[in-house]
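Since the structure comes first, as structure tokens, the remarks are kept for the end.
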Amino acid sequence: MESHGPRYTSRCSVCGNPARIFLGSTSYCLNCYNRLSDYLAGVATPTNDSYQILALDSKGHTVEFSVERYAFGTRSIWTAIEQISPDDPRKGEGYVGRSVSIAVDARRMTQEEAYDALMVKVQRLVGHASMRAVPIALGESGETSAKVGGRALYANETGVARIEITEQGEKSVIVDGQRLSAQQFMDMLSCFEGFDLCWQMRDASSEPPEWL
Ligand SMILES: [Zn+2]
């Protein structure tokens, strides 16, 4: 269920924007918090903290991301978050969008280098399809697939799934921006019955695997 109330109840004590970081009794928006953190760590604050990235998916469609930074000490996590319009019909089918992160140490990488690294990682992840969808109306029986919103989803040979526990406490994975339940994930993989599944866990902000 989506909440219709304000997402953030408190205001940034510096600029009055909605607060996202709470330190003791003081609240900050992300930008003001980052500036404070950069100042305390003695590193330069990026001149452009928020920007957009466009990437092409495996079908050549443009996917738009907005980027935000979260600083702690000299390190920052830069995250590109897919922008989904509020009336996107996929939202009702569990489409939550993709997010791609990198970790950057301000002493080793400039802001421009961080942008470039994030852009490369976004394009690598977005350009690789981890699953394929076939409309069930095309006569697809879909027995070895996950059925989501009139589509049969089949795993590709290689893929990436972000493991996430929902606010309701349900274990799920996000594949190509689509949230799948544990059962749906298994259904999607079942087209490879008899194969071995090898897995490797990676921190969301670490280097993507070579095959991406
Ligand atoms: Zn602020």
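Please treat every number below as a calculation from the coordinates, not as lab data. Just so it is clear, the structure is predicted and the values come from calculations on it, not from any experiment. Methodologically, a virtual Cβ is constructed for each residue, glycine included, from the backbone with ideal geometry; neighbour enumeration extends over all protein chains shown.
See the values below:
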{"read-out": "Cβ-based net charge around Phe65, under 12 Å, with every Lys or Arg adding one and every Asp or Glu removing one", "value": "-2"}
{"read-out": "Exposure proxy order (Cβ contacts within 10 Å, fewest to most) of Arg11, Arg69", "value": "Arg11, Arg69"}
{"read-out": "Under 28 Å from Lys147, Cα to Cα: lysines that are on another chain or at least 8 residues apart", "value": "Lys59, Lys91, Lys171"}
{"read-out": "Residues Val126, Val148 arranged by fewest to most Cβ contacts within 10 Å", "value": "Val148, Val126"}
{"read-out": "Taking only Cα atoms of the chain, radius of gyration then Dmax in Å", "value": "19.5, 62"}
{"read-out": "Backbone HN-Hα couplings from phi across region 100-109 [Karplus 6.51/-1.76/1.60, Hz, Gly and Pro as x]", "value": "10, 10, 9, 9, 10, 9, 4, 7, 10, 9"}
{"read-out": "Cysteines in the chain lacking a second Cys C-beta under 4.7 Å", "value": "Cys15, Cys32, Cys191, Cys198"}
{"read-out": "Most to least packed among 156-166, 189-199 [average Cβ atoms within 10 Å]", "value": "156-166, 189-199"}
{"read-out": "Percent RCO, i.e. relative contact order, over the chain, from Cα pairs under 8 Å lying at least 6 residues apart", "value": "14"}
{"read-out": "Selected from Gly73, Gly97, Gly150 as most flexible by GNM, with the chain as the system and alpha-carbon contacts under 10 Å", "value": "Gly150"}
{"read-out": "Helix-only mean residue ellipticity at 222 nm for the chain, each DSSP H run of n ≥ 4 adding -39500 (n - 2.57), per residue, nearest 500", "value": "-5500 deg cm²/dmol"}
{"read-out": "Principal axis dimensions, largest first and in whole angstrom, of region 129-200 by Cα", "value": "35, 28, 19"}
{"read-out": "Net charge, Pro208 excluded, C-beta distance under 12 Å - Lys, Arg +1, Asp, Glu -1", "value": "0"}
{"read-out": "Dipole of the chain, positive end: most advanced residue of His128, Ile21, Val67 [Cβ charges, Cα centre]", "value": "Ile21"}
{"read-out": "Most mobile listed residue (Thr47, Thr110, Thr79) in the chain, GNM with C-alpha springs under 10 Å", "value": "Thr47"}
{"read-out": "Within region 53-160: Cβ-based charge dipole about Cα centre, in debye rounded to nearest 20 (Lys, Arg +1; Asp, Glu -1)", "value": "220"}
{"read-out": "Likely footprinting exposure, Glu167, Glu68, fewest C-beta neighbours within 10 Å first", "value": "Glu167, Glu68"}
{"read-out": "Of Ala117, Ser85, Leu56, farthest towards positive along the dipole that unit charges on Lys, Arg, Asp, Glu beta carbons give region 43-128", "value": "Ala117"}
{"read-out": "Directionally averaged projected area (convex hull, Cα atoms, region 25-128), nm²", "value": "8.1"}
